[in-house]
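Everything on this sheet refers to the single structure shown next.
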């Protein structure tokens, strides 16, 4: 996986034939638990991670505090949107 800023990495998975994408961050040690972030209708998983200002990244902050963090794109966002847009 390609690392973005502060350990946040792109995430792509196939669930029941549907390709989902998002972002994930893991703590240095064993995670205390999972933070699952799901954006609203007009946004993407990137809403929870700011590469411009990593100090404002929910994913980065969660990982720094010992939590595994995952933000998934809703359907027709992220990878699926790019796939559907191809001619």
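Each value in this text was obtained by applying a stated rule to the coordinates, not by laboratory testing. Everything numeric in this text was worked out from a predicted model, so none of it was measured. Cβ sites come from the backbone with ideal geometry, for glycine too, and all protein chains shown count toward neighbours.
Quick check: residue separation of residue 43 and residue 16 times 0.36 nm, minus the Cα distance between them. What number comes out in nm?
Full extension from residue 43 to residue 16 adds 7.4 nm.
Sorted by packing (mean other beta-carbon atoms within 10 Å per residue), highest first, where do 15-25, 31-41 land?
Put in order of decreasing packing, that is 15-25, 31-41.
Could you tell me whether the stretch 10-64 comes out rounded, prolate or oblate from its Cα gyration tensor? Rule is a ≥ b ≥ c as square roots of the eigenvalues, rounded for a/c under 1.5, then prolate if a/b exceeds b/c, otherwise oblate.
Cα axes put the stretch 10-64 in the oblate bin.
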